[in-house]
Structures are given as C-alpha cells and as structure tokens.
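Accompanying notes for the structure given below.
The values are calculated or read from the model by the stated rules, or taken from the named source; none is laboratory data. As the structure is a computational prediction, the values presented were derived from the model and not from experiment. As a convention, Cβ positions derive from the backbone with ideal geometry for all residues, glycine included, and neighbour counts pool all protein chains shown.
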C-alpha cells in the first residue's frame, strides 16, 4: 500500500452504507488498509464487490459464491478468493519480540519441536494459525487448543500441515508459505 487512503477512496464507488463504515474508522492507517483490500478485490472480481460478515465475523462477498479471506500488515494487504472451498490467508510483518508471546499460541506439542529463537519460524507458526482460524470461520476456536502445527523445516517458502480440531472432528489443513523482505505470508490450500 503506497497510496494514501484518500487516493484509494477515489478508485472505488462505495455505496452510502460502506462510506458510513469507512467514516467510523478513526485511524488513517486502518482506513488505508480497509480501502486497499477493497481496491484489490475490485481488481480481482472486476466490480465493486461488497464485503459482508457472518455471525462469526467471517467475510463473504455479497452476491457472489466465492470464498474470501483478507489480511494486512505493515505496508501490505492480501485478498484470497476461491470458487471451491473456504480459504484463509495471513500476512505478518516480523517483529523481534514474537517469542515473548509464544505461550499465547504454542501448545505443548509445538513446544517440543519449535525453536523460540527462530524468529521466522515463530512468525510462520503464528501466521499459519491465523490462516487456519480464518479458514475455519469459527470465532470460538482457540489458536492453542484447536490448531496444531505439524513439525516442519525450512523458512524461505514451502508447505506444511496443520491439524484443526472442531466439534469432535479433526481435519488436516495444508498450508503454503512464502517469506519476503521482513514479512511472512501463509495461506490454506
């Protein structure tokens, strides 16, 4: 995102209901992110698609069958669409202090193999859990209890698997990842 929010607004034809949402956002950076996601979505679907949210706060495209997930961090936003299945995407700008909060997102199984000193790995784990959380679309999911990353190696780009436990049902969710500059990007396959 290099354009100021005012320029991004000029790229869209927002209806009054969306303008109200935009005006309710107090911070300029957050307005920029909100609008950048919508400009990117417009480029992808070819019109001003409206983003709605279900009771679990999972986004959907009003009037479209496509599944959507969005994320933003630092200077980037991303939008992920699929015709076939639910999706989740997350982007994170890496910060040196993530391991200090590892107790929040790492469960006992992950603590056995994760390297708290590997900043890229810590961000990949956090980001993958966020992607799977968005994929599941269930606000009651706990990142530590319901989402477990299977051990993986490598930290440039690749894939690994995640176990998702919901309603007495276990599911394996494949994750693709990439790293660039000081960012990690993960998405469900």
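Here are the numbers for the structure shown:
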read-out	value
Qualifying residue in region 123-140 (condition: part of a loop (DSSP other than H, G, I, E, B), out of contact with any helix residue (DSSP H, G or I) (no Cβ under 8 Å at 6 or more places or on another chain) and loosely packed, with under 12 Cβ neighbours inside 10 Å)	yes
Selected residue (only one of 97, 82 is surrounded by fewer than 18 Cβ atoms within 10 Å (Cβ to Cβ) and more than 30 Å from residue 42 (Cβ to Cβ))	97
Of all residues in region 22-47 being over 17 Å from the mean Cα position of the chain (by Cα), free of Cβ contacts under 8 Å to residues at least 12 places away in the same chain and assigned to a helix (DSSP H, G or I), the one that is farthest from residue 4 (Cα to Cα)	43
Tabulated pairs, region 90-112, first without any contact (Cβ under 8 Å) to a residue 12 or more places away in the chain, second assigned to a loop (DSSP other than H, G, I, E, B) and exposed (fewer than 12 other Cβ atoms within 10 Å of the Cβ), C-beta under 9 angstrom, 6+ apart or interchain	112/151
Of the criteria (1) in contact (Cβ under 8 Å) with a residue 40 or more places away in the chain; (2) buried (at least 16 other Cβ atoms within 10 Å of the Cβ); (3) outside the structural domain of residue 158 (by TED's automatic domain parsing), which one residue 51 fails	(1)
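Residue-wise test of (1) assigned to a strand (DSSP E or B); (2) under 14 Å from residue 189 (Cα atoms).
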| site | (1), (2) |
| --- | --- |
| 60 | yes, no |
| 64 | no, no |
| 68 | yes, yes |
| 71 | yes, no |
| 80 | yes, yes |
| 85 | no, yes |
| 92 | yes, no |
